[in-house]
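Working notes, structure below.
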């Protein structure tokens with residue numbers, strides 16, 4: 001039924017020990033390295049103190065590391081089998097949050113589980129990738145290239161995205177949509193369909209603008225011209241650029257960032273933590289952070305290329321895209337290249353939800369890689 | 001199944017494309033980092049420093065002023081003030097509202113603050129309230145989160161413990177005005193005060209000292225985190241004056257309700273021991289900002305409390321000028337001590353009749369008797385023979401007709417007329433009648449009370465060219481005082497006359513005489529008209545001075561000195577509209593001299 005490339009594994013599932021040894025340690029090393037940089041940065045953000053952020057972040061990372069290993073060791077077939085189930089469960093959670101949000105005041109993005117705030121939108125990023133991967137895994141190229149074949153996955157993406165937009169969490173919604181587009185693109189949806197979508201987007205953008213909240217409009221306008229309101233919304237980005245720029249090549253030294261420690265830099269422990277690192281460790285430090293992230297993403301593509309199953313490839317590509325988006329949007333944002341949308345820098349920014357969701361996705365990626373020789377057949381899910 | 005291979009191939013190709021795109025984007029981030037951190041690094045380093053470093057000017061404490069015995073005349077008092085920097089508050093109106101809830105502000109103050117904020121650059125601190133109490137300061141600090149941009153500054157307030165007694169020579173400090181020359185960054189400090197008049201103004205540079213500055217590291221909320229650098233600056237110098245505050249108070253009080261001026265000098269050095277101009281005002285009102293009401297009251301007072309009468313008041317010296325004329329005549333040899341003129345109450349010159357104050361006349365008078373009785377006819381005759389030029393020359397030698405150069409603003413020069421002056425001023429020739437009038441210190445002749453004190457001092461010290469000063473002279477400076485070319489003998493004749501004025505039985509100031517264990521005073525009275533007496537009035541009988549309104553009454557003058565044999569102190573007293581030199585000015589002068597002697601000021 002299943003085909004193995006390597007003779008030793010041919011006729012049986014991998015044992016837990018074998019799976020463990022199959023985990024790519026270079027990948028995990030890079031992840032741990034980033035997390036350590038994160039803890040160091042949080043220590044500095046608290047003016048050289050383990051509390052309130054660095055210690056808790058460390059504990060969280062250890063928990064998240066465990067979660068990652070668990071996710072990596074789960075049988076790959078379970079992911080395939082329960083992808084849709086997971087997707088619908090998360091969708092129900094999103095709707096629940098939406099309904100709850102109308103009861104409460106303002107933006108409601110999470111479900112309070114007492115010990116942990118569950119953000120369904122964060123879960124949706126992963127559930128969506130798994131669901132789409134499963135869908136395209138079982139499609140023929142003909143179906144993918146047909147209009148009929150992409151209506152269902154398009155709706156699968158648009159519906160939760162719409163729910164997330166009205167939360168309102170434009171950043172996450174856009175990330176979700178972008179990841180979906182990338183998946184659509186790599187599976188082979190024709191160029192002209194993207195061109196069509198782009199054209200439509202240009203036409204409808206002014207209408208969409210109308211529906212944005214004032215603060216969202218402000219962010220975009222401020223991005224286009226930070227000096228527009230130097231003490232209001234533009235303040236963050238101006239101060240971020242000053243902090244970055246004044247770091248120079250070698251930085252001002254650990255715990256010696258003036259912009260961050262004198263509070264000119266806002267949100268230095270979350271969205272603007274990269275700025276703080278750049279101020280204290282200079283261009284050398286900030287480039288190292290980007291390079292480690294590039295290695296992590298590169299690993300992702302290597303895993304994708306060497307995984308034999310289409311499902312596995314697509315899951316890795318989707319989750320990798322997701323991770324890339326986090327890194328790119330956050331850094332581009334603090335560098336003044338993108339509007340301030342409130343996307344944290346994974347593994348480094350303080351925050352439990354993103355840490356857990358990113359580590360879980362690393363776990364899934366590792367699982368795909370651990371089982372790279374397993375060829376998941378399309379036939380059992382064939383609907384042709 | 002053929003297309004399954006294609007499906008994998010498409011995935012591979014497109015993924016490669018996406019991955020390439022992602023890596024290019026990440027590399028772009030590194031390029032951007034290079035641009036910000038290396039290419040524009042210097043610019044942003046500067047901006048970061050601007051953010052974190054706040055330079056504040058350190059105001060040096062202003063020098064104190066002491067009298068000759070070390071009594072404090074002017075010093076500084078701790079003062080807390082609240083200031084606001086408009087650009088550090090999101091909405092200064094809101095902040096001002098919160099502030100007013102803690103420290104009440106009236107509508108006037110609010111308007112003033114609003115105007116000040118609007119007129120100044122947004123980073124300039126604007127004063128909200130001065131002289132905060134401890135309670136107010138702590139309430140403000142407690143509410144700091146609701147008062148962004150508001151900070152408390154600990155300053156020093158100028159205070160004058162003796163108030164009205166020192167106002168006219170010390171002057172006062174006040175806020176820097178638009179017209180002041182801003183040659184010092186200190187002047188830009190809000191609430192900084194500079195000398196506006198008097199010695200405070202004259203010695204501004206010395207008293208002010210030099211401002212320092214402190215570079216502070218501040219955080220985004222303006223809180224000071226640490227000090228980076230400090231230049232302490234130089235404290236203002238203290239000033240030690242020649243004034244004796246005890247005598248000053250006594251002399252000022254001696255005037256009672258009268259207005260006028262008095263100056264007491266050390267005749268050998270010119271040191272000013274007391275310097276009175278009454279009525280006075282409280283300079284403490286000015287340092288904290290005087291109210292409109294108080295200001296108008298001072299401004300509209302008919303007795304001019306703001307005018308420093310001792311140097312700005314120019315009065316006809318009247319009979320006190322006879323000292324000058326007598327000395328000039330003796331020096332010129334026009335008379336000697338035995339020369340007599342007969343006074344029958346009037347003297348004709350051309351078609352003009354000049355009267356003696358005693359209209360039935362004094363009879364035969366020599367110079368000593370003429371001084372003692374203040375006989376006008378004697379001095380008319382002498383002046384006529386002497387001519388104005390010689391009178392003027394003596395007057396100038398004795399310090400009249402030009403500013404004494406005492407270190408105060410608004411000093412007037414007085415006036416000693418001569419023919420040249422008249423030609424220049426009126427384009428007319430000098431008339432003999434004018435010399436006659438000048439002979440009794442009337443007509444064009446004007447002098448300030450300080451000049452009169454200098455004049456009497458220079459006579460009684462034996463003809464030494466002393467200059468009035470608020471600064472103690474050292475031995476070297478004392479040694480530099482020149483002897484004027486006036487003979488000792490003639491001075492003694494005049495002194496004898498002045499001694500008789502007070503101590504002879506019918507001397508004009510005999511009522512003011514005293515004897516402190518043999519120490520007595522000499523002097524000369526003067527009563528000068530401030531109105532013209534018409535021929536009709538003279539015929540029908542001159543209206544008695546006390547029946548006239550105050551502002552038309554005669555000025556009363558007295559210049560005196562003591563002890564009689566070895567003069568130490570001189571005093572000049574002018575009582576505005578005091579009616580009578582002998583009846584009003586001489587007794588005041590006498591009291592002042594007695595007190596001076598009693599204090600035995602060294």
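Are any residues in the stretch B:556-565 surrounded by fewer than 23 Cβ atoms within 10 Å (Cβ to Cβ) and at pLDDT below 90, and if so, which ones? Result: B:564, B:565.
Checked against (1) surrounded by fewer than 17 Cβ atoms within 10 Å (Cβ to Cβ); (2) more than 30 Å from residue A:287 (Cβ to Cβ); (3) within 14 Å of another protein chain (Cβ to nearest Cβ), residue B:11 passes all but condition (1). Among the residues in the stretch B:430-442, are any in a loop (DSSP other than H, G, I, E, B) and farther than 30 Å from residue B:348 by Cα? No, the conditions are met nowhere in the stretch B:430-442.
Taking the stretch B:53-78 as the search range and keeping residues that are out of contact with any helix residue (DSSP H, G or I) (no Cβ under 8 Å at 6 or more places or on another chain) and more than 25 Å from residue B:229 (Cα to Cα), which one is surrounded by the fewest Cβ atoms within 10 Å (Cβ to Cβ)? Among residues in the stretch B:53-78 that are out of contact with any helix residue (DSSP H, G or I) (no Cβ under 8 Å at 6 or more places or on another chain) and more than 25 Å from residue B:229 (Cα to Cα), the one surrounded by the fewest Cβ atoms within 10 Å (Cβ to Cβ) is B:70. In the condition set (1) loosely packed, with under 12 Cβ neighbours inside 10 Å; (2) under 28 Å from residue B:454 (Cα atoms), residue B:540 is compliant with all but (2).
When residue A:317 is tested against (1) within 8 Å of another protein chain (Cβ to nearest Cβ); (2) at pLDDT 95 or above; (3) within 30 Å of residue A:45 (Cβ to Cβ), only condition (3) is not met. Of the residues in the stretch A:299-311, at least one is buried (at least 21 other Cβ atoms within 10 Å of the Cβ), at pLDDT 90 or above and in a loop (DSSP other than H, G, I, E, B).
Each row is one residue, and each column tells you yes or no for (1) assigned to a loop (DSSP other than H, G, I, E, B); (2) more than 14 Å from every other protein chain (Cβ to nearest Cβ); (3) at pLDDT 90 or above; (4) on the phi < 0 side of the Ramachandran plot.
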position	(1), (2), (3), (4)
A:322	no, no, yes, yes
A:356	no, yes, yes, yes
A:374	yes, yes, no, yes
A:380	no, yes, no, yes
A:384	yes, no, no, yes
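When the stretch A:244-275 is examined, which residues are found to be facing chain B (nearest Cβ under 7 Å) and assigned to a helix (DSSP H, G or I)? The answer is A:244, A:245, A:246, A:247, A:258, A:259.
Residue count for the stretch A:220-240 satisfying the condition of being at pLDDT 75 or above and surrounded by 21 or more Cβ atoms within 10 Å (Cβ to Cβ): 4. Within the stretch B:278-317, the set of residues being under 20 Å from residue B:413 (Cα atoms) and in a helix (DSSP H, G or I) comprises B:309, B:310, B:311, B:312. Report yes if residue A:317 is crowded, with 24+ Cβ neighbours inside 10 Å, closer than 30 Å to residue B:217 by Cβ and touching a residue at least 24 places away in the same chain (Cβ under 8 Å), otherwise no. So residue A:317 does not fit the description; no. Within the stretch B:228-252, restricting attention to residues that are part of a strand (DSSP E or B) and more than 14 Å from every other protein chain (Cβ to nearest Cβ), the residue that is farthest from the chain's Cα centre (by Cα) is B:229. With respect to the conditions (1) more than 11 Å from the chain's Cα centre (by Cα); (2) farther than 20 Å from residue A:132 by Cβ; (3) within 13 Å of chain B (Cβ to nearest Cβ), residue A:327 falls short on a single one, namely (1). Of the candidates A:278, A:286, the single residue that is at the interface with chain B (Cβ under 10 Å from one of its Cβ atoms), closer than 28 Å to residue B:54 by Cβ and buried (at least 22 other Cβ atoms within 10 Å of the Cβ) is A:278.
The sole residue among A:195, A:173, A:162 that is away from chain B (no Cβ under 14 Å), closer than 24 Å to residue B:16 by Cβ and assigned to a helix (DSSP H, G or I) is A:195.
Looking for something assigned by TED's automatic domain parsing to the domain that holds residue B:89, crowded, with 16+ Cβ neighbours inside 10 Å, within 30 Å of residue B:470 (Cα to Cα) and modelled with pLDDT under 80 - is there at least one such residue anywhere in the stretch B:138-155? Taking every residue of the stretch B:138-155 in turn, at least one turns out to be assigned by TED's automatic domain parsing to the domain that holds residue B:89, crowded, with 16+ Cβ neighbours inside 10 Å, within 30 Å of residue B:470 (Cα to Cα) and modelled with pLDDT under 80. A count restricted to the stretch B:103-119 and to residues that are part of a loop (DSSP other than H, G, I, E, B) and surrounded by 11 or more Cβ atoms within 10 Å (Cβ to Cβ) stands at 2.
Conditions (1) within 14 Å of chain A (Cβ to nearest Cβ); (2) in contact (Cβ under 8 Å) with a residue 12 or more places away in the chain; (3) more than 33 Å from the chain's Cα centre (by Cα), marked per residue:
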site: B:19; (1), (2), (3): yes, no, yes
site: B:31; (1), (2), (3): yes, no, yes
site: B:42; (1), (2), (3): yes, no, yes
site: B:45; (1), (2), (3): yes, no, yes
site: B:49; (1), (2), (3): yes, no, yes
site: B:89; (1), (2), (3): yes, yes, yes
site: B:104; (1), (2), (3): no, no, yes
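Take residue A:375 and tell me if it is under 18 Å from residue A:137 (Cβ atoms), surrounded by fewer than 22 Cβ atoms within 10 Å (Cβ to Cβ) and touching a residue at least 24 places away in the same chain (Cβ under 8 Å). Yes: the conditions hold for residue A:375. Is it fair to say residue B:182 is over 30 Å from residue B:594 (Cβ atoms), surrounded by fewer than 17 Cβ atoms within 10 Å (Cβ to Cβ) and in contact with a helix residue (DSSP H, G or I) (Cβ under 9 Å, 6 or more places away or on another chain)? The answer is yes for residue B:182.
The values are calculated or read from the model by the stated rules, or taken from the named source; none is laboratory data. Here the structure is a predicted model, which is why all the values come from computation and not from measurement. Please note: Cβ atoms are built from the backbone with ideal geometry, for glycine as well, and neighbour counts cover all protein chains shown.
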